[in-house]
Amino acid sequence: MPLDLFTVGDPIADTKAPMDVPIGERWSTRRFRGRLVNPANRRKMTIIVVGTGLAGGSAAATLGEAGYKVKSFWYQDSPRRAHSVAAQGGINAAKNYRNDGDSVHRLFYDTVKGGDFRARENNVHRLAEVSVNIIDQAVAQGVPFAREYGGLLDNRSFGGTQVSRTFYARGQTGQQLLYGAYQALERQIAAGNVEQHARTEMLDLIVVDGRARGIVARDLVTGEISTHYADAVVLASGGYGNVFYLSTNAKGSNTTAIWRAHKRGAYFANPCYTQIHPTCIPVKGDYQSKLTLMSESLRNDGRVWVPKERGDTRDARQIPEDERDYYLERIYPAFGNLVPRDIASRQAKNVCDEGRGVGPGGLGVYLDFAEAIQRMGRPAVEAKYGNLFDMYAQITGENPYETPMRIYPAVHYTMGGLWVDYDLQSTIPGMFVIGEANFSDHGANRLGASALMQGLADGYFVLPSTITEYLADGPFEKVDDSHPAAAEAIAGVRDQVQRLLSINGTRSPASFHRELGKLMWDLCGMERSEESLRKALDRIPEIRQEFWTNLKVTGTEGSFNQTLEHAGRVADFIELAELMCVDALHRNESCGGHFRAESQTPEGEALRDDENFAYVAAWEWTPEGAPPVLHREALEYEYVHLAQRSYK
Amino acid sequence: MLVVTVTDSAQRRTPKAAKTSSVFKKVVMAVSGIILVLYLIAHMIGNLKAFTGRESFNHYSEWIRTIGEPAVPAQTTLWIIRVVLLAAVVAHIWAAVTLWRQAKRARPQGYVTKKAVAQSYASRTMRWGGVIIFFFVIYHILDLTVGAVNPDGTGSTPYDRLVAGFSNPFVTAFYVIALLLLGMHLRHGIWSATQTLGQSNRRREVTVNAFAIVFASLLTLGFLLVPFSVLFGLID
Amino acid sequence: MTATREGAIRVGDATDTPAEKRGMTLNLRIWRQNGPSAKGKMVTYKVADISPDMSFLEMLDVLNEQLIQAGDDPVAFDHDCREGICGMCGVMINGMAHGPQQTTTCQLHMRSFKDGDTIDIEPWRATAFPVIKDLAVDRRAFDRIIQAGGYISVPTGTAPEAHSVPVPKKDADSAFDAATCIGCGACVAACPNASSMLFTAAKVTHLGLLPQGQPERNDRVVNMVAQQDREGFGGCTNIGECSASCPKGISMETISRLNHDLLGALRAGARPKS
Ligand SMILES: Cc1cc2nc3c(=O)[nH]c(=O)nc-3n(C[C@H](O)[C@H](O)[C@H](O)COP(=O)(O)OP(=O)(O)OC[C@H]3O[C@@H](n4cnc5c(N)ncnc54)[C@H](O)[C@@H]3O)c2cc1C
Ligand code: HEM
Ligand code: HEM
Ligand code: SF4
Ligand code: F3S
Ligand code: FES
């Protein structure tokens, strides 16, 4: 083990889940045993919630209803724009409306297995239990889920599961769920229970006497740096996939909130677990700023292939049937085009690496609907996938009804995040982390339609119940800017802003971001090896060095300055990238979204090493220069038995 | 009578905030507009009497002034109609002007470049078209009702004034322009009123639009017949 | 109505891009305004080597990269998801909200333009949307319209079982159509009256079509309309530019529905909260 890169600290454990009762009773037991806060006291307590996505929006609304004073922060102009809005496919819930054998236990089982046995059983079981309440809540809020002619909710199957448990609102499920939470939030804002801070970016966490007590934030319009204090801080700032520059995340998605909290003492868990989505529109040119996901549902009817011969540049329609390689159907006869995301992604990369990729730069595979159109007729295909085909045509200028679409994998979701216990509390008391920003429920791989479920479970149901245990000791002593810890945080933020503005080199933040992203994609992307990771770890400090000496940020501090915003985020991505590579290097096994070239079966499948790696890697930040410290949280499987995944 | 009850009751029951709401103004505009349209239908049919000759036309003018006699004094009905029309015009213009000013306040700085992507010519000319129609009506009353600006003067019969007026191509041209604008005003106005009163939907949209076009064209044509007939000597 | 706008997508015309469409050179005339109270003006820039496959925002990225290199202030514009769903982007392009196609600015691609074109780019203009800087405007007035009643009051945890209230598929589908409004503000920007009617109507329609939305239906519409007037938006005179400019195709029918609901609500005695 490369000990030069990190040191090993004490193991860490979740002490909050009540292990003395069976798994099905743990959540209710936890709620019963946890202390409560009486309504009169709630009014005296302030909670900061950073983020208004499904997780943060639902949490802020629920805590506001409960009577706490909530302060809500987000970087866009409106809470409704959080990137949850982009989720297409759907949300899982164990309602068993189809009577097809679904149950809380089956959803639990599928999720643990789908996460390649790197998630906590307790959390996942709770998620499955709460999932049913989410649907009730959303429907009551007016979320227009798809319905059947009888007026009841429709379900579909999604992401390789055998039951139909996915609720959806055409291709815009995330949007509709987010608007439900957003409207609940706006209602609390109108009622005076939630104070809003639009276009405000959290830049640091204020920790006083070991407790999270506030944040330092910058008003992105005026440039004003302000502090906000509270009895507890909740981070719901989303995923960090943008460390790869090109991803399906929004341009503003960042790691800043969680990274700066990490530097204040919150452990970062499993940073290397990244999900690569197989059906994205391929990169076109070096100006490309973002990748667009095409719903996975396309794999239900589309067939994936590449030419048998490498370097075959013929038009797809000119390539005869027997010169095509439908490689997923060939390698995985049972699941065919429907294998899980990580497998489909890696195989696409493999065929492209062999030189058989199609389209500009050879980075793409065909997703062909010719056969489906012949079988179902074009109108049927149009009815089912019309909006996706339109989107493809809009972006590429090609007509997918005539020529096969080209797809390629892209970074999509980050399973890693800040470490939290069963109460969703981080290693800093008083700081809670929910949604994609935490690491908790998906293990090494997230199943389709499970992130929306987790975000809403955390925000509506879990956090509001668990945070009371902490707040029962409150309200805490007042703090203000004169406290040394606060003063230090403010000075640190001002300092960094000043520093970014004063380097006055020659390169824009975007150029560094692009360089970092490419490096991460090439060396710490779909497939990682000791060699590639070491190369990355050599290179990242150089990029960091150049960033801090050759960056150019125009404009001033006291104004709307998008270059400055971007620069701050890139600075954090660079540091995070290094930790990701260390984590990926130390985890000398393949699991879920983490594929180490050294650890595969003879057939080239991911090979877990449960003996040595059945743990959560929780990383502690150490001051500049010192290597990070690894704390292991052992994972035990009482209810789902460890088994190698097989989709053959 | 319809206007009076509707506006009255609305005024009594609607508090200030709702009354000044932009939607309320639109309702005033729609209801008053509809009253004006009803008048125009009657007026057009009345005008067509010009084809039945001087006697008949003047008789009609006379009749309007004597309906209900002797139960009510002369011109009672005419004045009721005039009051209702005037109330409708005032309400209509009040709503149009305040909405216009609201729109100005809502965008004090215009675009350097602005292109219409759906707006029909009709919808774009509602405001200036309305103003022109307004001036037209004033001129028109001075011309044909009062006779002040008519070549035949105040002492003549309506039929004489009509023939005298339209024999002048410039007068006719002015009428034609005003009528075309009116046609467009109504083409958009009818669709707009349906929408304002909440009676439009995707299914009806086509029907409402078709009706608006046919109706506006018929009305305009009906009005145009008289001046052209005079101009080309079909009526003299 | 004269629809001068092209359909939402153009299919199959770029598989072989004609040579003259590669590496376009464009003249951009962009509204530059330093802050909310600063005076602004149109400034001309030239960008070269623009690929027809670039999105409009990627083209602006190229310009900004140039400006930063030159030590100039890059053009501020709002954007986030860049896939047409967050509603954050939106500028006037050659006098049309989101440009010549009925889509969002981020989904507009440069193949809609020709080499040598001059493109005018301006921010949304409305009193209720004050300019923050350059092309970025403040659209929080929309949130306040939602605050006035654009929700169903259902505290977390109080919801009945989802299947206890069936919703006819037709209603659910229509509600969904209205609910797809992304709050981009193009309707306001395009409307000659700077009216927010289509936005408000979309929300009123979405919630008003569902059984869950009935109890608050009257108060919702009355309050949301009062709020949009208070925000300083213009009144709607049914011109229809909004719907034709809406990237999500929110229909004019929603406005009729709002009007219908409002009249009904006022008759039933609903009055706006002050
Ligand atoms: C294209 C796409 C499709 C997807 N489809 C699905 C799907 O079909 N089903 C599914 O289950 N999952 C899907 N996912 C995943 C899922 O959408 C996300 O994981 C989930 O929505 C994240 O929610 P969140 O609340 O944690 O964060 P987000 O929704 O990302 O919200 C983050 C919030 O934090 C704020 N914020 C961030 N940084 C700061 C800061 N520094 N200061 C202040 N505020 C900050 C932002 O303003 C925002 O409000 C998809 C994801 C993508 C990208
Ligand atoms: C070519 C078309 C038209 C002709 C030939 C015409 C003819 C006349 C005549 C002859 C009169 C006088 C009737 C009388 O005094 O007994 C009159 C009155 C009037 N007309 Fe017209 N008219 C025409 C178009 C219009 C239009 C387009 C409008 C309105 C938009 C209009 C509004 C009026 C009004 C308000 C009066 C006065 C009624 C009154 O006495 O109170 N007319 N018209
Ligand atoms: C000074 C004169 C007038 C002005 C300034 C005026 C202005 C307007 C305006 C601004 C509108 C709203 C436009 C829209 O909805 O897009 C309107 C609507 C309408 N007008 Fe007029 N108008 C005038 C005269 C008339 C006359 C004389 C008639 C009838 C013959 C009329 C009938 C209508 C109708 C039916 C509507 C539709 C109502 C609605 O939109 O709900 N108007 N007018
Ligand atoms: S109605 Fe259309 S144009 Fe208006 S905000 Fe909504 S999506 Fe944008
Ligand atoms: S363009 Fe404006 S006038 Fe009404 S119909 Fe649309 S809001
Ligand atoms: S950037 Fe999100 S809609 Fe355009």
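The values are calculated or read from the model by the stated rules, or taken from the named source; none is laboratory data. Computed from a predicted model, the values in this text were never measured in an experiment. Neighbour counts run over all protein chains shown; Cβ positions are idealised from the backbone, glycine included.
So the values come out like this:
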read-out: Cβ-Cβ under 8 Å pairs, at least 6 apart or on other chains, segment B:170-189 side farther than 18 Å from B:Met29 by Cβ and of a type in the set (A, V, I, L, M), far side at pLDDT 90 or above and within 10 Å of ligand 3 (Cβ to nearest atom); value: B:Ile177/B:Ile132; B:Ala178/B:Ile132; B:Ala178/B:Ile133; B:Ala178/B:Phe136
read-out: Scope segment B:78-93; condition within 11 Å of ligand 2 (Cβ to nearest atom) and more than 13 Å from B:Val31 (Cβ to Cβ); matching residues; value: B:Leu78, B:Trp79, B:Ile80, B:Ile81, B:Arg82, B:Val83, B:Leu85, B:Leu86
read-out: Top-ranked residue in segment C:93-116 [being more than 17 Å from C:Pro52 (Cα to Cα) and surrounded by fewer than 24 Cβ atoms within 10 Å (Cβ to Cβ); ranked as nearest to ligand 5 (Cβ to nearest atom)]; value: C:Gly95
read-out: Entirely in segment C:120-203, the helices (runs of 4 or more DSSP H) that have 2 or more residues that are without any contact (Cβ under 8 Å) to a residue 60 or more places away in the chain; value: C:140-147, C:169-179
read-out: Count of residues meeting criterion [surrounded by 15 or more Cβ atoms within 10 Å (Cβ to Cβ), among the acidic types (Asp, Glu) and farther than 18 Å from A:Leu424 by Cα] in segment A:6-21; value: 0
read-out: Residues (within 7 Å of another protein chain (Cβ to nearest Cβ) and more than 14 Å from the chain's Cα centre (by Cα)) located in segment C:58-79; value: C:Glu58, C:Asp61, C:Val62, C:Glu65, C:Ile68, C:Gly71, C:Asp72, C:Asp73, C:Pro74, C:Ala76
read-out: Single residue of A:Ala372, A:Ala393 found to be away from every other protein chain (no Cβ under 12 Å) and over 27 Å from A:Glu603 (Cβ atoms); value: A:Ala372
read-out: Residue ID - nearest to the chain's Cα centre (by Cα), chosen from residues in segment A:14-72 that are among the β-branched types (Val, Ile, Thr) and in a helix (DSSP H, G or I); value: A:Thr62
read-out: Residues of segment A:289-310 satisfying the condition of being part of a loop (DSSP other than H, G, I, E, B) and more than 16 Å from ligand 1 (Cβ to nearest atom); value: A:Asp301, A:Gly302, A:Lys308, A:Glu309, A:Arg310
read-out: Residue in segment B:32-44 that is surrounded by fewer than 15 Cβ atoms within 10 Å (Cβ to Cβ), within 16 Å of ligand 5 (Cβ to nearest atom) and without any contact (Cβ under 8 Å) to a residue 60 or more places away in the chain present; value: no
read-out: Hits in segment B:209-233 (condition: within 14 Å of chain C (Cβ to nearest Cβ) and either crowded, with 19+ Cβ neighbours inside 10 Å or farther than 23 Å from C:Ser251 by Cβ (or both)); value: B:Ala212
read-out: Selected residue [farther than 30 Å from C:Leu67 by Cα, in contact with a helix residue (DSSP H, G or I) (Cβ under 8 Å, 6 or more places away or on another chain) and among the aromatic types (Phe, Trp, Tyr)] from A:Phe461, A:Phe512; value: A:Phe461
read-out: Some residue of segment A:508-526 being basic (Lys, Arg) and in contact (Cβ under 8 Å) with a residue 60 or more places away in the chain; value: yes
read-out: Residue that is under 16 Å from A:Gly558 (Cβ atoms), touching an Asp or Glu at 6+ places or on another chain (Cβ under 6 Å) and either aromatic (Phe, Trp, Tyr) or away from ligand 6 (no atom under 16 Å from the Cβ) (or both), where the choices are A:Gly223, A:Gly239; value: A:Gly223
read-out: In segment C:176-188, the residues that are surrounded by 24 or more Cβ atoms within 10 Å (Cβ to Cβ) and more than 16 Å from ligand 5 (Cβ to nearest atom); value: C:Ala179, C:Ile182
read-out: Checking C:Thr254 against (1) buried (at least 24 other Cβ atoms within 10 Å of the Cβ); (2) at the interface with chain B (Cβ under 10 Å from one of its Cβ atoms); (3) near ligand 4 (Cβ under 10 Å from one of its atoms); (4) part of a loop (DSSP other than H, G, I, E, B), the condition it does not meet; value: (4)
read-out: Single condition A:Gly89 does not satisfy, out of (1) buried (at least 24 other Cβ atoms within 10 Å of the Cβ); (2) small (Gly, Ala, Ser); (3) within 9 Å of ligand 1 (Cβ to nearest atom); value: (1)
read-out: Candidates C:Thr127, C:Thr200 - the one that is more than 11 Å from chain A (Cβ to nearest Cβ) and in contact with a Pro (Cβ under 8 Å, 6 or more places away or on another chain); value: C:Thr127
read-out: Contacts under 7 angstrom Cβ, first residue in segment C:76-95 being over 14 Å from C:Ala136 (Cα atoms), partner of a type in the set (Asp, Glu) and away from ligand 2 (no atom under 16 Å from the Cβ), 6 or more apart; value: C:Cys86/C:Asp80; C:Asn94/C:Asp120; C:Gly95/C:Asp120
read-out: Positions within segment B:166-194 being of a type in the set (S, T, N, Q) and within 11 Å of ligand 3 (Cβ to nearest atom), in sequence order; value: B:Ser192, B:Thr194
read-out: Some residue of segment B:95-102 being away from ligand 2 (no atom under 16 Å from the Cβ), part of a loop (DSSP other than H, G, I, E, B) and aliphatic (A, V, I, L, M); value: no
read-out: Residue in segment C:234-248 that is more than 10 Å from chain B (Cβ to nearest Cβ), surrounded by 24 or more Cβ atoms within 10 Å (Cβ to Cβ) and assigned to a helix (DSSP H, G or I) present; value: no
read-out: Residue that is at negative phi and not in a helix (DSSP H, G or I), where the choices are B:Leu219, B:Leu186, B:Leu234; value: B:Leu234
read-out: Candidates C:Phe233, C:Phe199 - the one that is over 30 Å from A:Met391 (Cα atoms) and either within 16 Å of ligand 3 (Cβ to nearest atom) or among the aromatic types (Phe, Trp, Tyr) (or both); value: C:Phe233
read-out: Among the candidates A:Gly459, A:Gly443, A:Gly474, residue that is more than 16 Å from ligand 5 (Cβ to nearest atom) and within 14 Å of chain C (Cβ to nearest Cβ); value: A:Gly459
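For every residue, the table says whether it meets (1) within 14 Å of chain C (Cβ to nearest Cβ); (2) within 16 Å of ligand 6 (Cβ to nearest atom); (3) part of a strand (DSSP E or B).
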position: A:Ala217; (1), (2), (3): no, no, yes
position: A:Thr248; (1), (2), (3): yes, yes, no
position: A:Gly252; (1), (2), (3): yes, yes, no
position: A:Ala261; (1), (2), (3): no, no, no
position: A:Ile276; (1), (2), (3): no, no, yes
